[in-house]
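Here is the structure we will look at, set down as structure tokens.
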Amino acid sequence: MVGRVGRDTLEMREAHRFENRPVRVGGTLHWDVLALYQGIVDGLCAARQVDSVGVDSWAVDYGLLDADGTLLGNPVHYRDARTEGVAERVWKMMPAEALYGVTGIQYVPFNTLYQLVAARGSQALGTARQALLIPDLMGYWLTGVAGTEVTNASTTQLLDAVSRTWSAEVAERVGVDVGLFPPLRQPGSRIGELLPAVLEETGLRGPIPVTAVASHDTASAVVAVPAAAGERFAYISTGTWSLVGLELERPVLTEASRLANFTNEAGIDGTVRYLRNIMGLWLLQECLREWRTDLLALLEAAAGQPPLRSVIDAADPGFLAPGRMADRVREACRTTGQPVPDTPPEVTRCILDSLALAHRRAIEDAQRLADHPVDVVHIVGGGVHNALLCQLTADACGLPVVAGPAEAAALGNVVVQARALGALGVVGEPGAVRDLRDLLIRTQPLTRYEPAGERAAWDAAAARLAATSS
């Protein structure tokens, strides 16, 4: 994506799109990271001359480099099964409550901490001299400069949530060498410049800086939440995952927060992204891969289905793996004694009703645990195109929903680069993110959904789901 940014201008255009296809080799699921890097280089060619480059990506996964800076094999994909049962081993070394009390990171089986423990004893980890999270790896290949951007580092479950430095206590107790990670850096800092070889391959004229953005894609997406000044808001970053939560000034490290599976991830300008991971539109994406049908027609048909007929727990890790998703949704309904959705529109309505309920529960829990009431919900990311999901979320939460922008992660990435170049606000000034959000409000199309329907029906569905999940 190429962004054009000014005081009253924020425009985006797609320069290049390429596939991200994980590859299973020898029973292990990998990222095809070299193909992804080539996609970035091709994108720079298509972008033509730019003033800065920034990379954001998914969290937790990493590449291992040897003493010469050579990649030791393709990074393992977080959906790989190698971390099954690893958390229980870790908790024997450092109990879950103590781990949360330091890092504030929720339990998900693929956190970097568990991946490193799972890799213990492997040839690659034994040979490695450096570990780079995915956006940092791309930045290293572009500039030759290694570092670890803090918003992504926070997802490793190895960072102290208060000091935002590597936790020596966690590393020592679980036997992980955090010295593998290069020094931490902040969003908006300068990584380096595109290497001469990259300039030659892309045809760009240097020097071109590479800027450390909020490199965890959700962190960039939250930057792009178009919240008005003084607005008490919750956000939902929708896509493959739904990341539902609040922007706070300090982490919530209570035992109640841990048991509710909320995470405290680093945000821009010292903020905390207090959120819960929900399976998200992955459920529908997997069904569409099987059905090969038109999405718009499917959503129109789903809107005509009876509401809340059957609901599932959208946060159930049983839906994490790919394959046979529609059958697994039906089986979950059958197991809980609910009507079994048969047709694609029925399955789709079940999924979307369930996602709206999961959004509601996360927002209610976040307000209670953080003592932070909200008046409006902002939905950003690809899910803003799903009008049915946006309306159902407003109905379930009983709160207005503001949907947009869709390309939130890319917009958040670009405005942080622009600020680093001096085009928007000043890094480090109190409330500096306000300038970024005001620009988004002025320039981006937004759609508002007001809650409708009977709240009692959602209350009953939530109670039914709670009973079947217990």
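The values are calculated or read from the model by the stated rules, or taken from the named source; none is laboratory data. This structure is a prediction, so every number in the text was calculated from the model and none was measured. Please note: Cβ atoms are built from the backbone with ideal geometry, for glycine as well, and neighbour counts cover all protein chains shown. Heavy atoms of the whole protein, side chains included, go into the accessibility calculation; ligands, DNA and RNA do not. Shrake-Rupley method; radii C 1.70, N 1.55, O 1.52, S 1.80 Å.
Listing for the model above:
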quantity: Flag if residue 50 is part of a helix (DSSP H, G or I) and not acidic (Asp, Glu); calculated: no
quantity: When residues of segment 20-48 are limited to those that are touching a Leu at 6+ places or on another chain (Cβ under 9 Å) and open to solvent by 70 Å² or more (accessible area, probe 1.4 Å), the one farthest from residue 1 (Cα to Cα); calculated: 34
quantity: Flag if residue 165 is among the polar types (S, T, N, Q), open to solvent by less than 60 Å² (accessible area, probe 1.4 Å) and modelled with pLDDT of 95 or more; calculated: no
quantity: Scope segment 382-417; condition within 22 Å of residue 439 (Cβ to Cβ), in contact with a Lys or Arg (Cβ under 8 Å, 6 or more places away or on another chain) and β-branched (Val, Ile, Thr); matching residues; calculated: 401, 402
quantity: Only one of 288, 284, 298, 308 that is part of a loop (DSSP other than H, G, I, E, B) and at pLDDT 95 or above; calculated: 308
quantity: Lone unmet requirement of (1) closer than 16 Å to residue 465 by Cβ; (2) out of contact with any Asp or Glu (no Cβ under 8 Å at 6 or more places or on another chain); (3) touching a residue at least 40 places away in the same chain (Cβ under 8 Å) for residue 307; calculated: (2)
quantity: Extreme residue, nearest to residue 56 (Cα to Cα), among residues of segment 280-297 that are open to solvent by 10 Å² or more (accessible area, probe 1.4 Å), touching a helix residue (DSSP H, G or I) at 6+ places or on another chain (Cβ under 7 Å) and in contact (Cβ under 8 Å) with a residue 24 or more places away in the chain; calculated: 281
quantity: From 146, 124, 153, residue being open to solvent by less than 40 Å² (accessible area, probe 1.4 Å), within 25 Å of residue 34 (Cβ to Cβ), out of contact with any Cys (no Cβ under 8 Å at 6 or more places or on another chain) and assigned to a loop (DSSP other than H, G, I, E, B); calculated: 146
quantity: Residues that are open to solvent by 50 Å² or more (accessible area, probe 1.4 Å) and in contact (Cβ under 8 Å) with a residue 12 or more places away in the chain, drawn from segment 179-216; calculated: 183, 184, 186, 190, 193, 195, 201, 203, 205, 207
quantity: Helices (runs of 4 or more DSSP H) lying entirely in segment 315-417 (those with 2 or more residues that are within 21 Å of residue 304 (Cα to Cα), of a type in the set (D, E, K, R) and open to solvent by 10 Å² or more (accessible area, probe 1.4 Å)); calculated: 344-370
quantity: Matching option when the condition is in contact (Cβ under 8 Å) with a residue 24 or more places away in the chain and more than 12 Å from the chain's Cα centre (by Cα), among 222, 272; calculated: 272
quantity: Test: residue in segment 78-85 that is under 17 Å from residue 56 (Cβ atoms), modelled with pLDDT under 95 and crowded, with 19+ Cβ neighbours inside 10 Å; calculated: yes
quantity: Single residue of 112, 143, 155, 83 found to be touching a helix residue (DSSP H, G or I) at 6+ places or on another chain (Cβ under 6 Å) and within 30 Å of residue 195 (Cβ to Cβ); calculated: 112
